[in-house]
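Trainee: Mind having a look at this structure? Questions to follow.
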Amino acid sequence: MTEFKQTRGFVFWMIIAINMLSASVYAEIPQTVNFQGFLTNQTNQAVDDGSYLMTFSLWDGPDNQNDRQLWSENQNVQVIRGIYSVALGSSNAFPNTLTFADECYLGVQVDGGDYLKLNDQLIPLTTTWTTFRSQTSAGRIIKTVSDDYAVSSGDDIICVNGGFTIILPDANGCSGKIFTIENVGTASVSIQTNGSQTIDDDTSMTLEEKYAQVTLVSNGSGWYRLGASGSGSIDANSIGYTELAPGAVQNSELADDAVTTTKLLDGAVTTNKLFDDAITASKLADDSVTASKLADDAVTASKIAGENANGKVITTDGSGNSSWNYVKNAIQEFTVKAGETITAGDIVTYINGKIQKGVGGQTSDFSVTDPYTMNTGDKSVDNAVARLSDSKFVVSYMDVE
């Protein structure tokens, strides 16, 4: 029976095969990985030419007794002068969970025999971080997490399913490294630094909505946002009005009640920024508009809705309710005596329902107190009036038969 072992030739051919693949890995994402090796017998001679059943497996550690197997497949391999070449993953595809973000170890068995080992360990595939990326986006590693997670330098794209916290690595040790973090769940995802470093000017940020994502790059001492999509999180006061172009934010882009009074600077909203009839009474809180907030002559009669009828004014009742009404009993109408002309400033006397110039005359309700008496018969008429003082007059009457 032929026995197999690994030799320097075996390791040499393995390294050449992986390096050749690495040179073109970014041109096209492979679904398989080419691997070459060299088989010898116990006397270090190449095995006989022929077909051999070989088992290839990937492990998360160098010990097949204690570490976890990630993938395996069997292939009938043609060996010529000890040299063989296989396409790993051709008979059993790599699972999507195998992203090669961490170092893997290769196990090789011939005809079900012992594992071929290097220094009593499975073969370390140290270059597979860039070589074995068969199920990734544009050659980047995708990892989905459903728990709090500390990002490692081997990560690329991290999809977070649930309301968990993602901790960024120390920016000092990964200058230029780019990570993309996406919220693929419905709960808010928190992204934090190590505490002393910042994301732009903040020590943390959140991805509030499903499919919100952010791309971060290390500058060697902290983290910069390269871009974000979805709602993400915008910290208070991080965007000022000077950073928004005119018309950049439309009504359709604002949720109902998104803009409140406390979010507006004094004087931020001016007349030329409002459409006609944009503000109605229903949109104003009680007592929100005070006299101090109105410019001189800002409120004119034409701007006040109402019946706008001649002679009506706005009046209020005891409860503060306003309405348009005629002013009653404030203006009295009189008839001018025939032949009289009354102008502003004239002193007039009201006599028998009519007014005329001057002071005095008979009225239907004229009366005096003691000691004066007068004849108020139907046929009496005044004859003469003499003024004694500002408040006393002498009136003479005569009866007419």
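The values are calculated or read from the model by the stated rules, or taken from the named source; none is laboratory data. Remember, predicted model here, so these are calculated numbers, not experimental data. With ideal geometry, Cβ positions are generated from the backbone for all residues, glycine too; neighbour counts draw on all protein chains shown.
Trainee: Quick one: is E73 surrounded by fewer than 19 Cβ atoms within 10 Å (Cβ to Cβ), at pLDDT below 75 and of a type in the set (D, E, K, R)?
Mentor: no
Trainee: Same structure, new question: Checking S204 against (1) under 18 Å from the mean Cα position of the chain (by Cα); (2) modelled with pLDDT under 80: exactly one of these is not met. Which one?
Mentor: Just one mismatch for S204, condition (2).
Trainee: Sort out which residues of the stretch 76-118 are among the polar types (S, T, N, Q), part of a loop (DSSP other than H, G, I, E, B) and surrounded by fewer than 17 Cβ atoms within 10 Å (Cβ to Cβ), and write them in order of number.
Mentor: Within the stretch 76-118, S90, S91, N92, N96, T97 meet the criteria.
Trainee: Something else now. Looking only at residues in the stretch 73-97 that are in contact with a Phe, Trp or Tyr (Cβ under 6 Å, 6 or more places away or on another chain) and among the aliphatic types (A, V, I, L, M), which one is nearest to S152 (Cα to Cα)?
Mentor: L88
Trainee: Need the failing condition index for V368 against (1) part of a loop (DSSP other than H, G, I, E, B); (2) modelled with pLDDT of 60 or more; (3) surrounded by 10 or more Cβ atoms within 10 Å (Cβ to Cβ), just the number.
Mentor: Only one criterion is unmet by V368, namely (2).
Trainee: For residues in the stretch 211-233 being assigned to a loop (DSSP other than H, G, I, E, B) and within 21 Å of G185 (Cβ to Cβ), which is modelled with the lowest pLDDT?
Mentor: For the stretch 211-233, the residue satisfying everything is G232.
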